[in-house]
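Read through the structure below, which is laid out as structure tokens, and then see the notes.
Readers should treat all values here as calculations from the given coordinates under stated rules, not as data from a laboratory. Values in this document were obtained by computation on a predicted structure and should not be read as measured data. Note that we place each Cβ from the backbone using ideal geometry, even for glycine, and neighbour counts take in every protein chain shown.
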Amino acid sequence: MATIATKWTALLGCALLGSAAAGYAQDSGALIDVLVKKGILTDQEAVDVKTELMRENAATPAGKVNLSSSTTEFRIGGDLRVRYEYREGANSAGDHQERNRYRYRFRAGFTGKVTDDFFYGFRLETSSGNRSSNVTMGDDGGPWGKNNDGTYIGQIYVGWQPSSNTTVIAGRMPNPLVTTGLVWDGDINPEGFAEQFKFSSGDVGYFVNLGQFVYGTAGSQNVFGSAATNSDAYLLAWQAGAKVPFSGGTSLQVAPVLYTYVNQKQSTNPSPFRGAFSPTSMASINNLFVVEIPIEYNFPIGEKPGKVFADFAYNFEGKDRARKFGRPDMDGENNAYQIGFQYGKAAKRGDWDAKLFYQATGAFALDNNLVDSDLFDGRTNMKGIVLQGNYALGSATQLSITVANARRKDGSLIAPGSGDIGTTDLNKFWLGQVDFNLKF
Amino acid sequence: MKKALLTLTLALAAVSAAQAGKLVIKGSDTIGAKLVPMLAEDYKAQNPGTTFEIAAEGSTTGISAIIDGTADIGMASRPVKQLEVSSAAAKGVSMKPTIIAYDGIGVIVNAGNSVTSLTRKQVEQIFTGDITDWSALGGSPGKISVYTRNTSSGTYSEFKELAMKKRDYAKSSQKLAGNEQIASEVAKNPNGVGYVGLAYLNIPGIKVAAIDGAAPTVESVQAKKYPYARPLFYYTNGEPTGEAAKFVEFTLSKQGQDTVGKVGFVPAK
């Protein structure tokens, strides 16, 4: 039988454990059970101590947060970025346009898991743009107005993961595809449905990502009194990839993806994506049947990680797209590529990385509405280099610098797209960005 | 006039005495269907004038009743949860548990079922729906019908904790209000399986499966050998006072603990 002194020492230990931090109140259950098994505490004393620890935990901030009983995991997070940006463009007449901006971006949300293998996510973002969450300081129609400072739903999705190999997502989601800024701006959160599958054979990991994205809705179909039938437009993506590890910590990942557009040729699908070009716009999505092949080779350089990466895209209907634009002679502008090298990874305080890549995009190779909005002003028919560097001020804060310089790929064609240098007659482009990033 | 005042005073005293002698007890069906009514009868025999209001609709309802102040004693076949303690604290209520007995949750099958023993893994697989046919357990082929308690039941959540690694019940499982209903359904259904407390194991038409060789008995529960053993609780707002304190004391007395044993549970003392 335990002595009274032993018993009270144990009880005091449990109490101290519980009062030390809220989390320990939960953890001490196992310790109390051991004390019961050893006969140091009675069952009644054990439940008294456990209840008291819960009572103390209830008084802490963490103890006051209530989650529904169906929630099995809940996470709050986001990031904040402050940026200085310089853009300059020159047109074919040699005239220049510059833009200096101070900008901020805020994104915050939560993700959670509930019983029966379902999960969800929700994120609010500044700015209503599809390819940017930046807000330009002072751009409010008055000193520090708020009309440009709204928040919008950037992500809202529900998913089901019946096993670690299978994930199904519906809603407005993080891009489920392995891709690069050559084809997709990283800020785009597509709306629709996605399915992801993973499996392995030996050391080789395989994955399949499928996407059915609602590109634009036509509103009503079969409208009263109208002979024409309106149709929604869809972007479908099929990706199958593999990651092959080699000796010495090296690995190769290849992840080809095929994109097709549904209802792209209908004249009644949503403007401005319907199948018609203007001399200054290629926003329409007709004649796009694109394959993208992102490749990544990872290897160590001393104690730092290194990476050679490339992305290649080819539009099987690029010739038709060129013809439809009225330039059948330019049907060779149906491909795009990016190739580069990265050294290091800015993860912990004092870490840094640097990335250099070259990118060239044919005018008829890609969907202009999806490409990265910063690099080369969100335009195709551009080629140039990008240098990026990151320095980790801490594990949650980072300083980043991006410099880009590009020129029009073919001077006889416009530089289609939607950028901040407001001309498709963009001959040269310079970009400089300095960012402070904070993640929470 | 003096006589009228005296009569009124005596009448008020009688009313208040009657009010003071009323105990509201809510919560666990496991405790409240048999044990507490028997204890109440014994208690009333010694304390004439005391009245009881007993509602056995699940442990969660008993704990909620203490938090809401609508019961003097809450019966629970599971420990209070952190969220409940937090809710109670927000209302100035201090949950005080008192172990009044021990129970073993017995896994029951139809008396005609050839399966007589199960492993803990098999029990988890049955109730989560990983195994759906008795042939996978060495029994005659037949689709397993799983009967569980409803979600307000302490046994429902304790069984998940003790036997199912906190996994969800099979989607096909049928939720029933009490131990007796589960025993009754399993007795009628040759492919039925369910769980009930020690006090409900002797119902005709069912038999108890040994778990990893251990049967739910007074001895195995006392020795903490049976894997699905658990304490049964009264919950009060702080240390019980007044009539509630007397009834808790009575439950833990030799006479009360004898009644615990007679009902089929394992005495706490």
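For chain B, the relative contact order is 26 percent, taking Cα pairs closer than 8 Å that sit 6 or more residues apart in sequence and dividing their mean separation by the residue count.
Each Cα pair of region A:97-223 feeds into the Kirkwood radius, which the Stokes-Einstein equation turns, at 4 °C and 1.567 mPa s, into a diffusion coefficient of 75 µm²/s. Loop-located chymotrypsin sites (Phe, Trp or Tyr not before Pro) in region A:188-239 (DSSP state other than H, G, I, E, B) with a sparse environment of at most 14 neighbouring Cβ atoms within 10 Å: A:Phe224. For chain B, modelled as a GNM with alpha-carbon contacts under 10 angstrom, which of B:Gly21, B:Gly192, B:Gly178 fluctuates the most? Per the Cα network of chain B with a 10 Å cutoff, B:Gly21 tops the list. The tail of the calculated P(r) for the protein assembly as shown, taken as Cα-Cα distances beyond 37 Å, holds 57 percent of the pairs. The GNM of chain A, with springs linking C-alpha atoms under 10 angstrom apart, assigns the highest mean-square fluctuation among A:Gly89, A:Gly109, A:Gly145 to A:Gly145. Sequence-distant contacts, meaning Cα pairs under 8 Å at least 6 residues apart, place the relative contact order of region B:106-222 at 41 percent.
Rounded to the nearest 10 degrees, the angle from helix B:154-163 to the longest Cα principal axis of chain B is 40 degrees.
Can you pull the semi-axes for region B:199-269, root of five times each eigenvalue of the Cα gyration tensor, sorted largest first, whole Å? Don't skip to the end; give the middle numbers.
On the way: eigenvalues 164, 37, 24 Å².
They are 29, 14, 11 Å, listed largest first.
The orientation-averaged projection of the convex hull spanning the C-alpha atoms of region B:53-175 amounts to 8.9 square nanometres. The 3J(HN,Hα) values that the Karplus relation (6.51, -1.76, 1.60; θ = phi - 60°) gives for region A:434-439 are, in residue order, 10, 10, 10, 10, 10, 10 Hz. Gly and Pro appear as x. In degrees between 0 and 90, to the nearest 10, how far off the longest principal axis of chain B does helix B:242-252 point, with axes built from Cα atoms? Relative to chain B, helix B:242-252 is tipped by roughly 40 degrees.
The Cα-based radius of gyration and maximum Cα-Cα distance (Dmax) for chain B are 21.0, 85 Å. Only lysines eight or more places from A:Lys428 in sequence, or on another chain, were considered; those with a Cα closer than 27 Å are A:Lys319, A:Lys324, A:Lys355, A:Lys383, A:Lys409. The residue among B:Ala101, B:Thr151, B:Pro227 whose Cα reaches farthest toward the positive pole of the charge dipole of the protein assembly as shown, with charges on the beta-carbon of Lys, Arg, Asp and Glu, is B:Ala101.
Using the 10 angstrom Cβ neighbour count as an exposure proxy, how do A:Asp374, A:Asp95 rank, fewest first?
Numbers: A:Asp374 23, A:Asp95 11.
With the fewest neighbours first, A:Asp374, A:Asp95 line up as A:Asp95, A:Asp374.
Just check region A:71-439 against the gyration tensor rule for me: Cα atoms, a ≥ b ≥ c as the square roots of the eigenvalues, rounded for a/c under 1.5, and otherwise prolate or oblate depending on whether a/b exceeds b/c. Rounded, since a/c falls under 1.5. The relative contact order of chain A comes to 11 percent, based on Cα pairs under 8 Å that sit 6 or more residues apart. Region B:201-248 and region A:153-215 have their alpha-carbon centroids 49 Å apart. For region B:32-111 and region A:343-386, what is the separation of their C-alpha centers, rounded to whole Å? Cα centres, region B:32-111 to region A:343-386: 65 Å.
Counting only complete DSSP H runs, which helices of chain A cover 20 Å or more along their long axis at the Cα atoms and score a mean Kyte-Doolittle of 0.5 or above? Please report the intermediate quantities before stating the final value.
Working: long enough: A:4-20 (23 Å, 1.27); A:22-37 (24 Å, 0.54); A:43-58 (22 Å, -0.99).
Long hydrophobic helices here: A:4-20, A:22-37.
Please go through the residue pairs B:Lys175/B:Lys225; B:Lys91/B:Lys262; B:Lys121/B:Lys262 and name each one whose alpha carbons sit more than 30 Å apart in this structure. Write out the running numbers ahead of the final one.
Values: B:Lys175/B:Lys225 28 Å; B:Lys91/B:Lys262 38 Å; B:Lys121/B:Lys262 32 Å.
The answer is B:Lys91/B:Lys262; B:Lys121/B:Lys262.
A dipole drawn for the protein assembly as shown from +1 and -1 charges on Cβ atoms has a positive end, and of A:Asn147, A:Ala30, B:Leu39 the residue lying farthest that way is B:Leu39.
Cβ crowding within 10 Å ranks B:Phe159, A:Phe299 as A:Phe299, B:Phe159, fewest other Cβ atoms first.
How would A:Trp160, B:Trp134 line up from fewest to most surrounding beta-carbon atoms within 10 angstrom?
A:Trp160, B:Trp134
From the alpha carbon centroid of region A:403-440 to that of region B:158-197 is 65 Å. Once the Cα atoms are used to define both axes, helix B:35-46 deviates from the longest principal axis of chain B by about 30 degrees. Largest GNM mean-square fluctuation among B:Gln257, B:Gln122, B:Gln82, using chain B with Cα springs under 10 Å: B:Gln82.
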